[in-house]
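After the structure tokens below, expect a handful of questions from me.
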Amino acid sequence: MDALTRKSYELRRDIIEMIHKSEAGHVGGDLSVIDILTVLYFDVMNVNPDNFKDENHDRFLLSKGHCADALFVVLGEKGFFDKQRAIDTFSQYQSEFIGHPNTDVNGVEINSGSLGHGLAVGVGMALAAKMDDRTYRTYVVLGDGEMAEGSNYEAMMAARQYRLDNLCATVDLNGLQISGTTDQVMSSALLAEKFASFGWNVIEAEDGNNCAQLVEAYKKAAACKGKPSVVIAHTVKGKGVSFMENEKKWHHGVMTQEEYERAVKDIEEVLA
Amino acid sequence: MNKITNRQAICECLLEKAKNDRDIVVVCSDSRGSASLAPFAETYPGQFVEVGIAEQNLVGISAGLAACGKKVFAASPASFLATRSYEQAKVDVAYSGTNVTLIGISGGVSYGALGMTHHSCQDFAAMSALTGMRVYNPSDRFQTTKLIEALLKDTEPSYIRVSRSATEDLYDGNMDFTLNKANVIADGKDVLLVACGEMVPYAKKAMEQLAAKGISAGLLDMYCLKPFDADTLVEKARDVKLVVTVEEHAPQGGLGSATAQALSSRCPKRLVEKNLPDEHLISGTNREMFAYYGLDDAGIVKSVEEAL
């Protein structure tokens, strides 16, 4: 097993612990997006606790902010704060580790949580880089359910208008949202075509939970000049925990003790 | 009569300040002409961003620019800026504390006969309700310039409403200005008039007409709706019999409401709130509408005499 995949499964174990302790969070989406976050933070992006205040660090926005749980374990692992404290206090009384990204947590760029905001903010960040001739890149992670928000399409237009090749969106396309499949609720089947028709460079990761495929996708994005790129990551909601995979009830389900033990066992088996 | 609008004053101020500040950025939503910001776009194309007719994008992009060190001024008609992009103002600007000044142009009933879609009679209320957002409605061009200069010195979010038409001069370039402190135009013994924005010149005329009738009126220019200068209000209201507020806004959540809140807890006093009614407004120019709804000098004088 390669180092990134190993890390993504170790972080899955952290997520399961955090979710079980807090009886909160969005476990299904955490497990679909964790490989994307792992690859971005441990392979692609130039951001760490030492350069976070520098003007030229890569920017990251989790537009699908309800998966803050996954972001917090990644930031903790990256050294922005004590990861175990995040796991122990997530969603608890007076904790800064609330259910959405916020700037009280070291490593978070801007407060988010309402869907459909991240891409426009990312456009502003990428524009600022162009204005100042800075080389940092801006990465925005969106959910496929979130793509029903119309504000995304305003941002997609502007990103192309200003040829923001320093902006890379990722859609965590797991095909499920709180009420059911995206096909039942609002289809995400034509997302690649939508981005392409808005003039974006579209890169599909057939297995969006495969770190090697994601690494390749982000290399292609960085190499593309003159337009923004999107990685459409075809993921599995609940990936890595057998009974959660592709089950809408695990959008934000709470595990029984027995379920928790089974989830840990599933992950430990992969790590072994 | 002054012909320079407050939006022109904003542009002139930003043109001047941008000479030595590459981080000043203006963002418009097909609104550079109506915001009088076209000269800025022409002079500093590298510090100007056009987002098209997309107000949510206007505010979201502004927040992203600000999060990377830019001092952003985002201008769009107040009607759309204060409501179409309300959630971006709440989350990306106010909650996130980004250095964005939202400029609501052609505020209140500036657009006159264009009707209710284009009026912004709830922008004070909407923006004041956002934690972290400051709300200003400057009166004349000199106060507007002082306000922009003051806002450039800090990094907190703000919403400013300006009118479409030019406001009569009340001050000059040497006026006293302290951010978040009301300007005291006159002290009075009988009545305190409290006004903001385009209503201040009407209130000043009313004050003069009242003096001719033997009624001594004071006048506060409460351009700072949030944070609201309750200290100056209470100080000036203490010894009068009546307080009258005048605003180009609906009855809920604006100058009258803030005044009532401050007085009721700190200085209970007879209060008359003059504003636009909570109903579909008549058609007309803004001046015709002010007269119809009693917000002009004659209407203010009438209200004072009735109440006294």
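Every number in this text was worked out from the coordinates using simple rules, so none of it is lab data. Everything numeric here is computed off the predicted structure, so don't read it as measured data. Because the Cβ atoms are built from the backbone with ideal geometry, glycine has one as well, and the counts that use them run over all protein chains shown.
Any idea what the dipole of chain B comes to, in debye rounded to 20, about its Cα centre with Lys/Arg Cβ at +1 and Asp/Glu Cβ at -1? Walk me through the numbers before you get to the answer.
Numbers: 31 positive and 38 negative charges, 58 e Å.
Once rounded to the nearest 20, the dipole reads 280 debye.
Quick one: Karplus J couplings for segment A:73-84, per residue in order, coefficients 6.51, -1.76, 1.60, θ = phi - 60°, nearest Hz, x for Gly and Pro?
5, 5, 5, x, 4, 6, x, 6, 6, 6, 4, 5
Now for a separate question. FRET efficiency for A:Asp82 and B:Gln252, Cβ-Cβ distance as r, R0 = 41 Å, nearest 0.05? Kindly include the intermediate steps, with their values, before the conclusion.
Working: r = 47 Å, r/R0 = 1.14.
Efficiency at R0 = 41 Å is approximately 0.30.
With unit charges on the beta carbons (Lys and Arg positive, Asp and Glu negative) and the dipole taken about the Cα centre of segment B:146-200, which residue among B:Phe177, B:Ser158, B:Ile148 sits farthest to the positive side?
B:Ser158
Ok, one more. Sorting B:Met127, A:Met186, A:Met244 on the 10 Å Cβ count, fewest up front, what's the list? The partial results should precede the final answer.
Details: B:Met127 31, A:Met186 12, A:Met244 25.
Least crowded to most crowded, the residues run A:Met186, A:Met244, B:Met127.
Report the far tail of the P(r) of the protein assembly as shown, meaning the percent of Cα-Cα pairs longer than 43 Å. Provide the component values of the computation, followed by the final result.
Working: 50407 of 167910 pairs.
Considering the protein assembly as shown, 30 percent of its Cα-Cα pairs are separated by more than 43 Å.
Sequence-distant or interchain residues sharing an amide H contact under 5 Å with A:Ser188, placed H: which?
For A:Ser188, whose amide H was placed from the backbone, the distant partners under 5 Å are A:Asp183.
Let me ask something else about it. So if we plug the beta-carbon distance of B:Ala211 and B:His280 into 1/(1 + (r/R0)^6) with R0 = 45 Å, what FRET efficiency do we get, rounded to 0.05? All intermediate terms of the calculation are to be shown ahead of the outcome.
Details: r = 37 Å, r/R0 = 0.81.
Result of the calculation: an efficiency of 0.80.
Can you list residues whose amide H is under 5 Å from B:Val244's amide H, if they're 5+ apart or on another chain and H is modeled 1.01 Å from N?
HN-HN under 5 Å from B:Val244: B:Leu192, B:Leu193, B:Val194, B:Val272.
Same structure again: Report the FRET efficiency, 1/(1 + (r/R0)^6), for B:Tyr292 and A:Arg6, where r is their Cβ-Cβ distance and R0 is 51 Å, rounded to 0.05. Could you put the intermediate results ahead of the total?
Numbers: r = 74 Å, r/R0 = 1.44.
Efficiency for this residue pair is about 0.10.
Could you work out the per residue convex hull volume over the alpha carbons of segment B:147-288, in cubic angstrom? Each step should come with its number before you reach the end.
Numbers: hull volume 19.1 nm³, N = 142.
So the per-residue hull volume is 134 Å³.
Something else about it: Express in whole angstrom the spacing between the alpha-carbon centres of segment B:259-300 and segment A:211-272.
Cα centroid of segment B:259-300 versus Cα centroid of segment A:211-272: 58 Å apart.
Moving to a separate point now. Return the whole-Å distance between the Cα centroid of segment A:121-138 and the Cα centroid of segment B:28-89.
Using only Cα atoms to place each centre, the spacing works out to 17 Å.
Where the eigenvalues come from the Cα gyration tensor of segment A:3-271, what are the semi-axes √(5λ) of the equivalent ellipsoid, largest first, in whole Å?
Working: eigenvalues 156, 88, 54 Å².
For segment A:3-271, the ellipsoid semi-axes come out as 28, 21, 16 Å.
Placing +1 on the Cβ of each Lys and Arg and -1 on the Cβ of each Asp and Glu in chain A, which of A:Cys168, A:Thr103, A:Asn209 has its Cα farthest towards the positive end of the resulting dipole?
The Cα lying farthest towards the positive end belongs to A:Cys168.
A further question follows. Straight-line reach from A:Lys7: which lysines have Cα under 16 Å away, leaving out those fewer than 8 places along the same chain?
Within reach: A:Lys78, A:Lys83, A:Lys239.
Give the residue from A:Ala3, A:Met18, A:Gly79 lying farthest towards the positive end of the charge dipole for segment A:1-87; charges sit on Cβ (+1 for Lys and Arg, -1 for Asp and Glu) and the dipole is referred to the Cα centre.
A:Met18
Could you give each residue of segment B:271-278 its phi-based ³J(HN,Hα) in whole Hz, using Karplus coefficients 6.51, -1.76, 1.60 with θ = phi - 60°, and x for Gly or Pro?
10, 10, 9, 9, 7, 7, x, 7
Quickly work out the B:Lys181-to-A:Tyr93 label distance, labels modelled 7 Å from Cα along the C-beta direction, and quote it in nm with one decimal.
4.4 nm
Can you give the calculated 222 nm mean residue ellipticity of chain A, where each DSSP H run of n ≥ 4 adds -39,500 (n - 2.57) and the sum is split over every residue, rounded to the nearest 500 deg cm²/dmol? If you can, show how the numbers build up before the last one.
Working: 10 runs with 115 residues, N = 272.
Computed ellipticity for chain A at 222 nm equals -13000 deg cm²/dmol.
Still on this model: Would you grab the residues whose amide H sits under 5 Å from the one on B:Asn2? Only those 5+ places off in sequence or on another chain, please, with H modelled 1.01 Å from N.
B:Asp169
What order do you get for B:Glu156, B:Glu306 when you list them from fewest to most C-beta neighbours inside 10 Å? Spell out each step's value before the answer.
On the way: B:Glu156 15, B:Glu306 8.
The order, fewest Cβ neighbours first, is B:Glu306, B:Glu156.
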